[in-house]
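Notes follow the structure.
The values are calculated or read from the model by the stated rules, or taken from the named source; none is laboratory data. This structure is a prediction, so every number in the text was calculated from the model and none was measured. Here the Cβ is made from the backbone with ideal geometry for all residues, glycine too, and neighbour counts use every protein chain on show. With ligands, DNA and RNA removed, areas are computed over all heavy atoms of the protein, side chains included. Shrake-Rupley method; radii C 1.70, N 1.55, O 1.52, S 1.80 Å.
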Amino acid sequence: GPWTWAMPLPPLPEPVLDGLITPQGTIIFSWTWPSADGFEVALECSSDGGAWRRVSPLLDSLRTGYDYQNPGGVASYRLRVYSLDGRRAHSNTMTI
């Protein structure tokens with residue numbers, strides 16, 4: 001029979017996350033990346049750098065920002081990329 005080779009899928013693009021905190025305590029996150037259809041993104045937060053939890057809904061890949069009300073204290077944030085075929089990637093981590 002015919003032979004087939006399973007080729008790995010290319011890695012997902014990794015967005016670059018940036019953010020600033022307003023005097024009212026809102027963190028305004030923005031990101032840049034070579035986005036394309038077929039992806040969703042979500043903002044994640046970690047207070048210890050080990051356990052991450054999602055703090056935003058899944059956002060369309062064409063979106064380039066999200067406002068988050070800072071609950072207080074210092075935490076790390078990153079953007080997680082989800083593809084429809086199950087691949088995952090994440091952005092740089094920033095601490096605010």
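Odds and ends about this structure:
- Number of residues in the range 57-96 that are assigned to a strand (DSSP E or B), among the β-branched types (Val, Ile, Thr) and surrounded by 15 or more Cβ atoms within 10 Å (Cβ to Cβ) equals 1.
- If you go through the range 23-34 and keep only what is of a type outside the set (S, T, N, Q) and either over 21 Å from residue 13 (Cα atoms) or in contact with a His (Cβ under 9 Å, 6 or more places away or on another chain) (or both), you end up with 23, 25, 27, 28.
- Flag if residue 31 is open to solvent by less than 30 Å² (accessible area, probe 1.4 Å), under 18 Å from residue 95 (Cα atoms) and among the aromatic types (Phe, Trp, Tyr): yes
- Close pairs (9 angstrom Cβ cut-off, 6 or more residues apart or separate chains): closer than 23 Å to residue 11 by Cα and without any contact (Cβ under 8 Å) to a residue 12 or more places away in the chain in the range 35-60, among the charged types (D, E, K, R) and surrounded by 10 or more Cβ atoms within 10 Å (Cβ to Cβ) anywhere: 53/44
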